[in-house]
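J.: Mind having a look at this structure? Questions to follow.
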Amino acid sequence: MDIKEIHRLIELMNENDLLELELVEDSKKIRLKKKYDGGARVIAAPMAAMAAPMPAAAPAPASASGGAAPAAHAGTIPIKSPMVGTFYRSANPESPVYVEEGARVTPESTVCLVEAMKVFNEIRAECEGTIVAILVENGQTVEYGQPMFLVKPD
């Protein structure tokens, strides 16, 4: 692996807001890790939650509007998934959900977790308003850029 490949890996980490990346090729191994900058936090999964994996739900059908907000929710702001992974509404099965429809959120409000490669990433609202729709089921796979919530701005 040359320096250009390492720089490309760093670019991919930055583009996808990854805090850590490990790559193994044949007998070579590289691990890149960023210092926590106050953005999305990584949370270790409790052992109880990992012992009983949730059944995978079928992915949501793609809408003809290309993922745009439904007409009934015009003027809302979508909270989109920053990565491909599994959507969780709470930290573990015994914990309360982060937000419900009707909940008021601020840019710092944690709204869900997205698990990618055994790493649980806290997703923040990054906007202010009221949750008017939750578009994803708990345990469902989400795609990069897929709307997960709709927020009506104040």
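J.: Identify all residues within segment 119-141 that are touching a residue at least 60 places away in the same chain (Cβ under 8 Å) and under 16 Å from Asp17 (Cα atoms); write none if there are none. Outline the logic, then answer.
T.: Kept after step one, since they are touching a residue at least 60 places away in the same chain (Cβ under 8 Å), are these residues of segment 119-141: 119-124, 133, 135-141.
Scanning segment 119-141 gives Val119, Phe120, Asn121, Glu122, Ile123, Arg124.
J.: Sticking with this structure for a sec: Could you count how many residues in segment 86-129 are assigned to a loop (DSSP other than H, G, I, E, B) and within 25 Å of His73 (Cα to Cα)?
T.: Our first condition is that a residue be assigned to a loop (DSSP other than H, G, I, E, B); within segment 86-129, this holds for 89-103, 106-109, 117-118, 125-128.
If we keep only those that are within 25 Å of His73 (Cα to Cα) as well, we get 89-90, 97-103, 106-109, 125-128.
Number satisfying all stated conditions: 17.
J.: State the number of residues belonging to segment 136-154 that are surrounded by fewer than 20 Cβ atoms within 10 Å (Cβ to Cβ) and either in a strand (DSSP E or B) or of a type in the set (Ser, Thr, Tyr) (or both).
T.: 5
J.: I'm checking my understanding of the structure. Among residues of segment 121-135 that are of a type in the set (Val, Ile, Thr) and out of contact with any helix residue (DSSP H, G or I) (no Cβ under 8 Å at 6 or more places or on another chain), which one is surrounded by the fewest Cβ atoms within 10 Å (Cβ to Cβ)?
T.: So the first thing to find is which residues in segment 121-135 are of a type in the set (Val, Ile, Thr), and the list is 123, 130-132, 134.
Narrowing the set further to residues that are out of contact with any helix residue (DSSP H, G or I) (no Cβ under 8 Å at 6 or more places or on another chain) leaves 123, 130-131, 134.
Working: Ile123: 25, Thr130: 16, Ile131: 22, Ile134: 20.
If we take residues in segment 121-135 being of a type in the set (Val, Ile, Thr) and out of contact with any helix residue (DSSP H, G or I) (no Cβ under 8 Å at 6 or more places or on another chain), then Thr130 is surrounded by the fewest Cβ atoms within 10 Å (Cβ to Cβ).
Here, each number is a calculation from the coordinates, and none is a lab measurement. Every value quoted in this text rests on a predicted model; they were computed, and no experiment measured them. When we count neighbours, we look across all protein chains shown, and the Cβ atoms used for this are built from the backbone with ideal geometry, even at glycine.
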